[in-house]
Amino acid sequence: QVQLVESGGGLVQPGGSLRLSCAASGIIFRAYAMGWYRQAPGKQRELVAAIGSGGITNYVDSVKGRFTISRDNAKNTVYLQMNSLKPEDTAVYYCNAVRGGSTFWGQGTQVTVSS
């Protein structure tokens, strides 16, 4: 059974930082491209950052220079370091794993940026 379990969300003030983690089980983690998506109320889910099985990364323009995605294949975990957080970063953040025609999602973790 495949599981992606996110953690690390919470309430933070503008300008603060959070690190999200996503622990995967039931998949050959190193073979999967991993991504972080987010969905704010009333908006569509959007890709925030992704990292390929070879380590190549890409980011949505709005988070470039502030967010960093990384992976630890030994721990079957992908991370999203979020710095200089803004109120517009408020959303539910979802972990995603993709390989070929297989896609898996985590349950999501809430990130709220507010003073």
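The values are calculated or read from the model by the stated rules, or taken from the named source; none is laboratory data. Predicted model, so just to flag it, every value in this text is computed and none were measured. In this analysis, Cβ positions are derived from the backbone assuming ideal geometry, glycine residues included, and neighbour counts consider all displayed protein chains. When the accessible area is computed, the model is the full protein with side chains, heavy atoms only, and any ligands, DNA or RNA have been set aside. Shrake-Rupley method; radii C 1.70, N 1.55, O 1.52, S 1.80 Å.
Details
- Number of the condition not met by residue 115 [criteria: (1) in contact (Cβ under 8 Å) with a residue 40 or more places away in the chain; (2) under 16 Å from residue 26 (Cα atoms); (3) of a type outside the set (Val, Ile, Thr)]: (2)
- Matching residues in the range 13-49 - criterion: being among the hydrophobic types (A, V, I, L, M, F, W, C) and open to solvent by less than 20 Å² (accessible area, probe 1.4 Å): 20, 22, 24, 29, 34, 36, 48, 49
- Residue in the range 89-103 that is of a type outside the set (D, E, K, R), modelled with pLDDT of 95 or more, over 13 Å from residue 4 (Cβ atoms) and surrounded by fewer than 17 Cβ atoms within 10 Å (Cβ to Cβ) present: no
- Tabulated pairs, the range 28-43, first at negative phi, second among the charged types (D, E, K, R) and open to solvent by 60 Å² or more (accessible area, probe 1.4 Å), C-beta under 6 angstrom, 6+ apart or interchain: 31/99; 32/99; 37/45; 39/45
- Qualifying residue in the range 39-53 (condition: among the β-branched types (Val, Ile, Thr), touching a helix residue (DSSP H, G or I) at 6+ places or on another chain (Cβ under 8 Å) and in a strand (DSSP E or B)): yes
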